[in-house]
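In what follows, a single structure is set out as structure tokens and then discussed.
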Amino acid sequence: MGFLDKLLNRGISEMPDTSSDEEDCCFDTVVVGNRIQKILDENWSGCELRKYVPSAAIGADAIEWTYTHGVYRDGRPLLMINILDNKNDYKKKIVRQSMEACADKGIGYIHFLLHLPNRSSYILERLREEMPA
């Protein structure tokens with residue numbers, strides 16, 4: 001029995017709860033940033049979300065890049081976030097270098113692609129994976 005057969009043959013009671021995913025999909029940098037801020041405020045008290053963080057702010061002077069957002073606690077960077085407009089931006093050398101710079105500094109990194117839904121439930125899941133305890 002294939003995936004679609006299983007999906008189509010499920011009873012109503014077996015269907016996953018998607019009520020939290022009824023939020024509109026978002027393809028806008030500002031809205032995604034606002035969702036990130038709201039999720040941080042609700043789940044990680046004491047964290048600050050900074051906008052447009054230059055790579056030099058994390059000591060990555062070898063590249064010239066501006067992260068869309070940076071998550072800080074007590075003035076220390078915990079996580080850098082890129083919100084990428086083009087679905088292939090994540091493949092660009094400078095984006096890969098910005099990710100590697102974070103890894104070299106022991107700072108978390110995630111990116112969100114604007115051609116994908118970026119619902120709050122997804123953003124929360126990604127932040128939970130990358131945020132230090």
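The values are calculated or read from the model by the stated rules, or taken from the named source; none is laboratory data. What you see is a predicted model; the values in this text were computed from it and never measured. FYI the Cβ positions are ideal-geometry reconstructions off the backbone, even for glycines, and counts take in every protein chain you see. Just the protein is used for accessible areas: all its heavy atoms, side chains included, with ligands, DNA and RNA removed. Shrake-Rupley method; radii C 1.70, N 1.55, O 1.52, S 1.80 Å.
Quick notes
- Atom-type composition of the exposed protein surface of the range 86-130 places 47 percent of the accessible area on carbon and sulfur (1.4 angstrom probe).
- Accessible surface computed residue by residue for the range 37-133, with neighbouring protein chains in place and a 1.4 Å probe, gives 56 Å² per residue.
- C25 - accessible surface, heavy atoms, 1.4 Å probe, Å² rounded to 10: 60
- Rounded to 0.05, the FRET efficiency of the E129 and T66 pair, given R0 = 30 Å and the Cβ-Cβ distance, is 0.80.
- Fraction of beta bridges assigned by DSSP in the range 22-133 that are antiparallel (%, nearest 5): 65
- Under the Karplus curve 6.51 cos²θ - 1.76 cosθ + 1.60, θ = phi - 60°, whole-Hz ³J(HN,Hα) for the range 61-66, x wherever Gly or Pro sits: 6, 6, 10, 10, 8, 10
- Label positions at K92 and V31, each projected 7 Å from the Cα along the C-beta direction, are separated by 2.3 nm.
- Placing a label point 7 Å from the Cα of D85 along the Cα-to-Cβ direction, the residues of the range 109-132 whose backbone N falls under 12 Å from that point are 114.
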